[in-house]
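The structure appears right after this line, and notes come after that.
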Amino acid sequence: LIKDFDNSEINYRSITEMEIHYLQKSITAIDDSKFLGTVDLICGAKKVHILGTGPNEMLGLHLAFRLRRFRVDVQHHRVGDMRILEELLNLDENDLAIAYNFYRTADDLKVFINVMKRNKVPVVLITDIMTPIIIKDCDYVLCAERGPHGAFHSPLVPMAITNALLVGVAHQLDKKALEALDLLETYRQDYYYNARSETSEA
């Protein structure tokens, strides 16, 4: 985004308006059937494997963090190169793979998708590029622009897609999601009670 502005335009409003522009474009770019299909896959998966390495790590962390709160079994794969293979030894065809990849196709993504394909695990790709050699092996591709290629990009568009998926999952899980959050609150209350008790005894 940096090169899209001259010095006189560098202010919060102009930068945020550019972000809003790409967010609005994503509304028509994301196919509803693919979005809902992804929600269904997440809710029905035995385990969700998330590929979020390098600059995409925070997106993977956010998705994994929120899904765990709905009692969805999640593994976030943050390491690249050959080390990721050790984390993929116990795949089940009822699992689901979700990968974040932008700008150009990463080697980690190629390995991740090949292993999933070998194990008949469905793959969802969140991206801003439609690379034929990659998307042919993905069950759903949620693709939306983040800005011009080769420029600095914010994570707002893929984060918006991620948050929308989380809301969709929460809605579909309904009582199961609420029960999970209630259980978490119970654990918290027990933790705080025990912590206070230990402090008062000391």
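Assign one of three labels to region 97-199, namely rounded, prolate or oblate, based on the Cα gyration tensor with a ≥ b ≥ c the square roots of its eigenvalues; rounded applies when a/c is under 1.5, prolate when it is not and a/b is larger than b/c, and oblate otherwise.
Judged from the Cα gyration tensor, region 97-199 comes out prolate (a/c at least 1.5, a/b above b/c).
Under 11 Å from a label point 7 Å along Cα→Cβ of ALA164: give me every residue in region 113-148 with its amide N that close.
So the set is 142-145.
So between ASP31 and ASN119, what do we pick up on full extension, going 0.36 nm a residue minus the alpha carbon distance?
29.0 nm
Based on the alpha-carbon gyration tensor of region 142-186 and its eigenvalue square roots a ≥ b ≥ c, which shape applies: rounded if a/c is under 1.5, prolate if not and a/b is larger than b/c, or oblate?
Prolate, because a/c is 1.5 or more and a/b exceeds b/c.
Kindly identify region 40-142 as rounded, prolate or oblate by the Cα gyration tensor criterion: order the square roots of the eigenvalues as a ≥ b ≥ c, call it rounded if a/c is under 1.5, otherwise compare a/b with b/c, prolate if a/b is larger, else oblate.
Rounded is the answer for region 40-142, as its axis ratio a/c remains below 1.5.
Which pairs in the list LYS34/LYS136; LYS46/LYS110; LYS117/LYS175; LYS46/LYS136; LYS25/LYS175 are over 26 Å apart, alpha-carbon to alpha-carbon?
LYS117/LYS175; LYS25/LYS175
Where in the chain are the DSSP H helices whose alpha-carbon span along the long axis reaches 20 Å or more and whose Kyte-Doolittle mean is at least 0.0?
156-173
Cβ under 13 Å from ASP139's Cβ, ASP139 left aside: what net charge do those residues give with Lys, Arg +1 and Asp, Glu -1?
After counting each charged neighbour, the total is -1.
How much FRET efficiency would the formula 1/(1 + (r/R0)^6) give for ARG196 and LYS175, where r is the Cβ-Cβ distance and R0 is 25 Å, rounded to 0.05?
After rounding, the FRET efficiency stands at 0.20.
Quick query: amide H of ILE50 versus all other amide H atoms, modeled in the peptide plane; which residues come in under 5 Å with a sequence gap of 5 or more or a different chain?
HN-HN under 5 Å from ILE50: GLN75, HIS76, HIS77, ILE98.
Could you put ARG68, ARG196, ARG188 in order of accessible surface area, largest first, with the 1.4 Å probe and the full protein assembly present?
The ranking, largest first, comes out as ARG196, ARG68, ARG188.
Percentage of Cα-Cα pair distances in the chain greater than 22 Å, rounded to whole percent?
Above the 22 Å cut-off, the chain has 54 percent of its Cα pairs.
Determine the share of the chain's accessible area contributed by carbon and sulfur atoms, expressed in whole percent, with a 1.4 angstrom probe.
53 percent
Which translational diffusion coefficient, to the nearest whole µm²/s, is obtained for region 42-100 from the Stokes-Einstein equation, given a Kirkwood hydrodynamic radius over C-alpha pairs, 37 °C and 0.692 mPa s?
Value of D from the Cα-based Kirkwood radius: 284 µm²/s.
Before I look further, what does the chain give for accessible area per residue, probe 1.4 Å, in whole square angstrom?
59 Å²
Quick one: accessible surface of LYS46, probe radius 1.4 Å, all protein chains present, in square angstrom to the nearest 10.
130 Å²
The values are calculated or read from the model by the stated rules, or taken from the named source; none is laboratory data. All values reported here derive from a predicted model rather than from experimental measurement. Every residue, glycine among them, receives a Cβ derived from its backbone with ideal geometry; neighbour counts consider all protein chains shown. In case anyone asks, the SASA skips ligands and DNA or RNA and just uses the protein heavy atoms, side chains included. Shrake-Rupley method; radii C 1.70, N 1.55, O 1.52, S 1.80 Å.
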